[in-house]
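Undergrad: One structure, pasted below without further comment.
The values are calculated or read from the model by the stated rules, or taken from the named source; none is laboratory data. Since the structure is predicted, the reported quantities are computational estimates derived from the model, not experimental observations. Positions of Cβ are backbone-derived with ideal geometry, glycine not excepted, and every protein chain shown enters the neighbour counts.
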Amino acid sequence: MESEELIREVRLRVPLDAAEMLAREAPDRVRQVMAGLPPNLAKLIQVHLPEDLRDPAANELPAAAADSVAALMDSTPGVVPSGATVAIAIECLRCIETPTDVTYLYVVDDQMHLLGLLVMRDLLLAREDQSVDSLMLREPFTLKADTALDEAGRAAVKRHYPVYPVVDDQGRLLGQVRGWRLFEHQVVEIAAQSGAMVGVGREERADTAVLKAFRMRHPWLQLNLLTAFIAAFVVGQFQDTITQIVVLAAFLPVLAGQSGNTGCQALAITLRGLTLGQLDGVPTRRLLGKEILLGAMNGLVTGIVAAVAIILSTGLGDPRAPMLGLAICLAMVGACVGAGIFGVMVPLILKRVGADPATASSIFLTTGTDICGMGLLLVLATLLVL
């Protein structure tokens, strides 16, 4: 049989049958035929070839970016051609070395385009002479090999399929990725967010070398120092106010801590929504509206408590006490509202400019809430009391 004719014959067969046919040929002939086949089909066939006829390089998955679906992709042993019968599909399953790796059977044409998938239940209940085309689920959900893992993870969260077929831009089957691996990636991403928020690299672990950890962390601490100087500069503009109302010095950290915690709550919810895809299609103004309302409610309640505290600290007989109480109450409301806005906008802006939304977001958030909260209190104290 001529090589061209043999290639045509191989392309019309189930990978297992094609491998049995090629096993009777000389090694040089096998390599020639495999070279003439579509790469994806060659990978599927060579899994069933005898060890001495396999080309190790032919079964290697293409190089993939670490953050793409291709990085987690496995081969697909359960592949049958369109038009095959249930009997052929079952025989294909029996000859797979590790049948536990098969969740679905993928139905493809002679160009390896994915036409549908077959679940084991339907295969078990079907007659042997039925065509797999009549049983398969057509146009199944697929992932592209170059799809970002974050995007694929969000798709997995919504669908909860055990396995996802992976295709190229032309719809040709490349492999499959298991749902648990996508979920595992999502768990790692969410776990890493708490460190990334304060400048700890995602790749740093408990056993990371000291010098390497220092190089990874210290630049963010320098940035934090710079932003702290900005907040200190704002406070420094009101030295006269602090000198005349000393009690303000004790309540500035209280205000900063309360607004910072409020902002961190909004930040955590926003980051979680971005990671899990819960914010897809949600207008930014809706997110801001919710956090502004929550900030106003939380700020008012905590502001009343802080107002009572500063009045008692100043002394009930001090004529400035009521206005100081009003100033810190209003400042607490404004600071918590501003913190909610920062908690939503910081990760969204970082994402818009192409940066990781979690990267040192807490540093930017802290700077914004400190300037907003302490600056507002000092301005109100100056206007209402002095």
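Undergrad: Out of all the residues in segment 89-101, which are modelled with pLDDT under 85 and buried (at least 18 other Cβ atoms within 10 Å of the Cβ)?
TA: Matches in segment 89-101: Cys92 only.
Undergrad: Another question, then. Using the structure shown, decide if Ala231 is in contact with a helix residue (DSSP H, G or I) (Cβ under 7 Å, 6 or more places away or on another chain), hydrophobic (A, V, I, L, M, F, W, C) and loosely packed, with under 13 Cβ neighbours inside 10 Å.
TA: No: the conditions fail for Ala231.
Undergrad: For Ala306, all conditions in the list (1) of a type outside the set (D, E, K, R); (2) in contact with a helix residue (DSSP H, G or I) (Cβ under 8 Å, 6 or more places away or on another chain); (3) farther than 20 Å from Ser259 by Cα hold save one; what is the number of the exception?
TA: All conditions pass for Ala306, except number (3).
Undergrad: Please go through segment 82-122 and pick out each residue that is under 36 Å from the mean Cα position of the chain (by Cα) and part of a helix (DSSP H, G or I).
TA: Matches in segment 82-122: Leu93, Pro99, Thr100, Asp101, Met120, Arg121, Asp122.
Undergrad: Which residue out of Ile311, Ile292, Ile304 is assigned to a helix (DSSP H, G or I), farther than 30 Å from Asp356 by Cα and at pLDDT 90 or above? Working first, answer last.
TA: Working: Ile311 fails: at pLDDT 90 or above; Ile292 fails: farther than 30 Å from Asp356 by Cα.
Going through Ile311, Ile292, Ile304 in turn, the sole match is Ile304.
Undergrad: Note down all Cβ pairs under 6 Å where the first residue falls in segment 131-153 and is closer than 14 Å to Gly116 by Cα, the second is of a type outside the set (A, V, I, L, M, F, W, C) and in a loop (DSSP other than H, G, I, E, B), and they're at least six residues apart or on different chains.
TA: As it stands, the answer is Asp133/Ser82, since those pairs meet every condition given.
Undergrad: Something else now. Inside segment 277-308, can you point out the residues that are over 18 Å from Gly340 (Cα atoms) and either touching a residue at least 40 places away in the same chain (Cβ under 8 Å) or not assigned by TED's automatic domain parsing to the domain that holds Ser259 (or both)?
TA: Matches in segment 277-308: Gly277, Asp280, Ala306.
Undergrad: Right, something else. Restricting segment 274-288 to residues that are over 19 Å from Arg154 (Cα atoms) and surrounded by 13 or more Cβ atoms within 10 Å (Cβ to Cβ), which is modelled with the highest pLDDT?
TA: The selected residue is Leu288.
Undergrad: Let me ask you something else. When you scan segment 16-23, do you find a residue that is part of a helix (DSSP H, G or I) and at pLDDT below 70, even just one?
TA: The answer is yes; a qualifying residue exists.
Undergrad: Looking at segment 239-254, is at least one residue of a type in the set (A, V, I, L, M) and within 15 Å of Thr369 (Cα to Cα)? Break it down into steps so the answer makes sense when it comes.
TA: Kept after step one, since they are of a type in the set (A, V, I, L, M), are these residues of segment 239-254: 242, 245-250, 252, 254.
Adding the requirement that they be within 15 Å of Thr369 (Cα to Cα) leaves 252, 254.
Yes: segment 239-254 contains one or more residues that are of a type in the set (A, V, I, L, M) and within 15 Å of Thr369 (Cα to Cα).
Undergrad: State which residue is modelled with the highest pLDDT when the search covers only segment 131-167 and only residues that are surrounded by fewer than 16 Cβ atoms within 10 Å (Cβ to Cβ) and assigned to a loop (DSSP other than H, G, I, E, B).
TA: Among those that are surrounded by fewer than 16 Cβ atoms within 10 Å (Cβ to Cβ) and assigned to a loop (DSSP other than H, G, I, E, B), it is Phe141.
Undergrad: Keeping to segment 294-310, report how many residues are closer than 17 Å to Pro253 by Cα and of a type in the set (A, V, I, L, M, F, W, C).
TA: Within segment 294-310, residues that are closer than 17 Å to Pro253 by Cα and of a type in the set (A, V, I, L, M, F, W, C) number 7.
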